[in-house]
Amino acid sequence: MVKELELLAPAGNLTTLKAVIHAGADAVYFGGSQFGARAYAGNFNRDEVLEAIDFGHIHGKKVFMAVNTLLKEKELEEQLYDYLLPYYEQGLDGVIVQDFGVLAFIREHFRELPIHTSTQMTVTNVEGARFLVNQGASRIVMAREMSLEEIRHIHESVPVEIESFVHGALCYCYSGQCLLSSMLGGRSGNRGRCAQPCRLPYEVYDANRKRINDNKHLYPLSPKDLCTIDQIPQLAENGIFSFKIEGRMKRTEYAAGVVSIYRKYMDKYLNYGAKAYHVTKEDTQKLFDFGNRSGFTAGYYNQRNGADMITFEKPGHEKNNDALWNQIEEKYIKRECKEKISGYLNVQKDMPISCTVCGLGHTITVTGDVPLLAEKQPISKEVLLSKMQKTGNTPFVFDTLEVTLDDDLFLPMAAVNELRRQALEQLEEAVTLTYRRQIEAKKSVQQKILPKKSLSEEVQITASVESESQIEPLLTHPQVSGIYIDSMVFPRKNLVEELQKLYEKAKKYKKNIYYILPAIFRKHTKEFYQRILPQLKTDGFLVKSYDALAFLLEEQIPPENIRIDHNVYTWSNQSKQAFRNLGIQKDTIPLELNRKELKARDNHGSEMLIYGYLPLMTSAQCINGNVIKCDGKSKIHYLKDRYGIYFPVKNHCSECYNIIYNSKPLYLFFAMEELQKMGIHRFRLAFTTESSQEIHKFLLNCTQSLQKNAKELENMEDYTYGHYKRGVE
């Protein structure tokens, strides 16, 4: 049986942080004024963060801060150090990060600060976890889609704490792989500003544009809320240490109420084991009444996906039973829990009075005036006890209190109060000082000097394909120098043979062939590629995850043969340099950067997408399986939004994930000359749903555009600039 677990609670403000600690949380996570993935939560200002750190430590709890957005160049180079420094010195227990550059930055400048990798980093296998531990992470927050078997495998293979969500809202998309809100409205989930378009209604159509869902099932992208109260023993015994509750944007009563129930049952498991574990219907109902989204789901721990995890009919978050909420308010919000201490007051003739308090591993003694002889009524022991026990707004309460008092003495009550005040203040200070840190020499963080960008470098055009029929027109086109072959192009059963034939054919046309590993690289995926990797004939690999990158490095693939895609994010030069330190010299420019941000970026060795239906969501759920029935066949569906816009959806059956694409393709040919001045010389065309004939036509127009110096299209109705002109907040 597991001996220790952590209950990790959310806090959108300081009131909630105190309430969830009173309700039984072992640790709390929150966002500060910057760089948190819940930009619309209340969040904490500087003084509140400092108070929160001390409050947590006085009560023996840990306090973690989310720094889990992707940072722009100026933010990372000029703001992050000064932002984190006071919290580091105050004793912050850890930071949650998504950005690989932020991870490297913190490891360099704040060496004693534990780093937790966010679920936004989409870690799904042993190799990815081990890679991030080697880069400095002390805890891995699992992707929500992980099964218990996969988590157990990581727990047994990698010496790292595992944190996983156990209650609250679920994203439809693998966290960190979603651009839907960003591309539709400019509110990026990678910047904490998700507009939750997954909670909106969508009609579902097949490849022939025939509608296949009715008006009672208009929310195919809206998962139910997660609730795992019945599974606490299984979660613990499969390696999860930190049980994380979602809800930084929910009200205080919700957070404290949910924490109180999970505290009760985690203690029940820790004290009595799995055999005696049982959750009452009453407590299950309480969780339901605190808030739910069309009921609960147990999530992905014991199933791959499924229609029973989706709301379909209504995505709203419901709460019931106001009386229950009032109870939570009275018990955990209005009533403060205090730490028990012991005290000793000594009042003796001809000696200064002294007060000693003991608690939380510290002993404090303070002294005061010499008591006077009583002229009338001497002070009594009962009066002294009464005054000493008035601990007021301090975080302490006397569990035991002794008074030694000589006869016939008088002492002003103000002196007693002052002595108590000093003793409790010094005890509080002693506890918090234990956690303080100092940086020996405060480093001046200066912007890196970027290498000079060559303007004479030859322009290269590459293209990626997702079906075999798309390959031929690219082989014969003279301006395409390399072709990226998506993992879904060839069936697994004959992948080695087909890729070998394509490689040999491509060499006749003097083309390079790169293989794209699956976007989600879980345990079963790794096991398949581990068997065939030595036989794959290719000039290199393109990876879309830390898991795939780590796998290739562990399999001794030379780093110079590995390229990282746009969703292994390199928003800043620090991020890019962190990958360069691993030997990875080729990256893909992230899709959310605008032209101003690109100018500030070191683009040497970077490739940029200038055409394609961009991927907006990668999900473990399946539109085909949930709305119709899983038949194991890859196909295209369409989601039609409330504005009548159609979004293509592909199901990748061999890996069991869906990708939702943008309704319009990106088109940036007009910007190629400007991009070259920024040091970008490799440009990629991404073909997804296009037929061979459409690609032929497009390449012809592409050639003409290049010959005409790629002027901007007059009619952009069928295309999008993406974020090139607007960017994200």
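What follows is calculated from the coordinates using simple rules that are stated; it is not laboratory data. Predicted model, so just to flag it, every value in this text is computed and none were measured. Note that we place each Cβ from the backbone using ideal geometry, even for glycine, and neighbour counts take in every protein chain shown.
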Legend entry - Fraction of beta bridges assigned by DSSP in the chain that are antiparallel (%, nearest 5): 35
Legend entry - Arg130, Arg601, Arg111, Arg251 arranged by Cβ crowding within 10 Å, fewest neighbours leading: Arg111, Arg251, Arg130, Arg601
Legend entry - Within the chain: Cβ-based charge dipole about Cα centre, in debye rounded to nearest 20 (Lys, Arg +1; Asp, Glu -1): 2240
Legend entry - Solitary cysteines of the chain, where the nearest other Cys Cβ is not under 4.7 Å: Cys171, Cys194, Cys198, Cys227, Cys337, Cys355, Cys358, Cys622, Cys630, Cys653, Cys656, Cys702
Inset, instruction - Report the equivalent ellipsoid semi-axes for the chain in whole Å, largest first, defined as the square roots of five times the eigenvalues of the gyration tensor built from alpha carbon atoms. - result: 56, 29, 22
Inset, instruction - Would you mind computing, in nm to one decimal, how far apart the modelled labels at Ala207 and Lys340 are, each placed 7 Å from Cα along Cα→Cβ? - result: 6.9
Inset, instruction - Check the stretch 339-433 and count each lysine pair with an alpha-carbon distance under 19 angstrom, considering only pairs eight or more places apart or from different chains. - result: 5
Inset, instruction - Using only Cα atoms, find the angle between the long axis of helix 80-90 and the longest principal axis of the chain, and express it within 0 to 90 degrees, rounded to the nearest 10. - result: 30
Inset, instruction - Choose one of Leu409, Thr365, Asn393: the residue whose Cα lies farthest towards the positive end of the charge dipole of the stretch 339-433 (beta-carbon charges +1 Lys, Arg; -1 Asp, Glu; about the Cα centre). - result: Asn393
Inset, instruction - Could you tell me the largest-minus-smallest coordinate of the C-alpha atoms of the stretch 339-433 on each of the three principal axes, in descending order and whole angstroms? - result: 43, 20, 18
Legend entry - Likely footprinting exposure, Arg293, Arg211, fewest C-beta neighbours within 10 Å first: Arg211, Arg293
Inset, instruction - Give me Asp486, Asp718, Asp206, Asp565 ranked fewest to most by other Cβ atoms within 10 Å of their Cβ, as a rough exposure proxy. - result: Asp718, Asp206, Asp486, Asp565
Legend entry - Positive-end residue, the chain charge dipole about Cα centroid, Cβ charges, pick of Ile636, Ala550, Gly12: Ile636
Inset, instruction - Give the relative contact order (percent, whole number) for the stretch 617-696; include only Cα pairs under 8 Å separated by 6+ residues. - result: 24
Legend entry - In order through the stretch 105-120: 3J(HN,Hα) via Karplus (6.51 cos²θ - 1.76 cosθ + 1.60), integer Hz, x for Gly, Pro: 5, 5, 4, 6, 9, 10, 4, 8, 8, x, 10, 10, 7, 5, 4, 5
Legend entry - Antiparallel %, DSSP beta bridges [both residues in the stretch 339-433], to 5: 60
Legend entry - 5 angstrom amide H check on Leu401, placed H, neighbours 5+ away: Gly343
Legend entry - Derived scalar couplings ³J(HN,Hα) [the stretch 165-182; Karplus, 6.51 cos²θ - 1.76 cosθ + 1.60; whole Hz; x for Gly, Pro]: 6, 10, 7, x, 5, 10, 7, 5, 8, 4, 4, x, 10, 10, 10, 4, 5, 5
Legend entry - Peptides 487-498, 66-77 ordered by average Cβ neighbours within 10 Å, highest first: 66-77, 487-498
Inset, instruction - Quick one: angle between helix 495-508 and the longest Cα principal axis of the chain, in degrees between 0 and 90, rounded to 10, please. - result: 60
Legend entry - Residue-span extension gain [Ser634 to Lys505] - 0.36 nm each, minus C-alpha spacing: 43.8 nm
Inset, instruction - Using amide H atoms built 1.01 Å from N in the peptide plane, name the residues 5+ places from Arg682, or on other chains, whose amide H lies under 5 Å from its own. - result: Gln460, Met608
Inset, instruction - Calculate for the chain the 222 nm mean residue ellipticity that helices alone would give, adding -39,500 (n - 2.57) per DSSP H run of length 4 or more and normalising by residue count, nearest 500 deg cm²/dmol. - result: -9000 deg cm²/dmol
Inset, instruction - On a 0 to 90° scale, report how tilted helix 281-290 is relative to the longest principal axis of the chain, with both axes built from alpha carbons and the result rounded to the nearest 10. - result: 70
Legend entry - Efficiency of FRET from Cβ geometry, Gln303 and Gln585, R₀ 45 Å, rounded to 0.05: 0.65
Inset, instruction - Decide, for the stretch 70-195, between rounded, prolate and oblate: order the square roots of the alpha carbon gyration tensor eigenvalues as a ≥ b ≥ c, take rounded if a/c falls under 1.5, and otherwise choose prolate if a/b is larger than b/c, else oblate. - result: oblate
